[in-house]
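Visitor: Before anything else, here's the structure in question.
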Amino acid sequence: MDEYVLILSTCSELQSRKIAHTLVDERFAACVNIHPVRSVYRWKGEVVNDDEDLLLIKTKKALVPGVIEKIKKIHSYEVPEVIVIPIIEGEKTYLTWIDEQTSIE
């Protein structure tokens, strides 16, 4: 069951919708949830406090390189956050749905 992953990424509100729609439309992801978050981080010696969107991207492990490529193409950050978490277990019909939605014909 190691073929499914959850990818986390943060970005601006405008970019989040474009990334989500691109990934789903091009079948790199079955679903992308968008959640507003407050991010506090250090960047170039300064502590930054930003409103961002957190993307929860559900896809297959084999599609991760394509997802990363799409995110980097759209994302404005010099170093975009892309964290891949394996899905070790899930409801079978949901995982089958991920397969169906990410099938590139």
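Values quoted throughout were computed directly from the atomic coordinates according to the rules given, and no laboratory measurement underlies them. Since this is a predicted model, take the numbers as computed values, not measurements. Counting neighbours? That spans all protein chains shown, and the Cβs are built from the backbone with ideal geometry, glycine included.
Visitor: Sort Ser16, Ser39 by Cβ crowding within 10 Å, fewest neighbours at the top.
Guide: By the 10 Å Cβ count, ascending: Ser39, Ser16.
Visitor: List the GluC sites (Glu not before Pro) in segment 1-85 that DSSP assigns to loop (not H, G, I, E or B) and whose Cβ has at most 11 other Cβ atoms within 10 Å. Which are they? Walk me through the intermediate numbers first.
Guide: On the way: sites: Glu3, Glu13, Glu26, Glu46, Glu52, Glu69, Glu78, Glu81; in loops: Glu3, Glu26, Glu78, Glu81.
Sparse-neighbourhood loop GluC sites (Glu not before Pro): Glu78.
Visitor: Counting only helical runs of four or more DSSP H residues, what would the 222 nm mean residue ellipticity of the chain come to if each run contributes -39,500 (n - 2.57) and the total is spread over all its residues?
Guide: Mean residue ellipticity at 222 nm (helix-derived): -10000 deg cm²/dmol.
Visitor: Okay, moving on. Using unit Cβ charges (K, R positive; D, E negative) and no other charged atoms, how large, in debye to the nearest 20, is the dipole of the chain about its Cα centre? Could the numbers behind the result be given before it?
Guide: Numbers: 13 positive and 18 negative charges, 38 e Å.
That gives a dipole near 180 debye.
Visitor: Continuing with the same structure: Around Ala29, which amide H atoms from residues at least 5 apart in sequence, or from another chain, sit under 5 Å from its own amide H, with H modelled in the peptide plane?
Guide: Those qualifying (amide H under 5 Å, at least 5 residues apart or on another chain) are Val24.
Visitor: Keeping to pairs on different chains or 8 or more places apart, tell me how many lysine pairs in the chain have Cα atoms under 27 Å apart.
Guide: Lysine pairs satisfying the spacing and distance rule in the chain number 22.
Visitor: So how do Lys18, Lys92 line up by other beta-carbon neighbours within 10 Å, fewest first?
Guide: Ascending Cβ contact count within 10 Å gives the list Lys92, Lys18.
Visitor: Give, in whole angstrom and from largest to smallest, the semi-axes √(5λ) of the equivalent ellipsoid of segment 49-97, with λ running over the eigenvalues of the Cα gyration tensor.
Guide: Here the semi-axes work out to 25, 14, 9 Å.
Visitor: If you take the C-alpha gyration tensor of segment 4-101, multiply each eigenvalue by 5 and take the square root, what semi-axes do you get, largest first, in whole Å?
Guide: 25, 14, 12
Visitor: As a footprinting exposure proxy, order Trp43, Trp97 by other Cβ within 10 Å, with the fewest listed first.
Guide: Going from least to most buried by this count: Trp43, Trp97.
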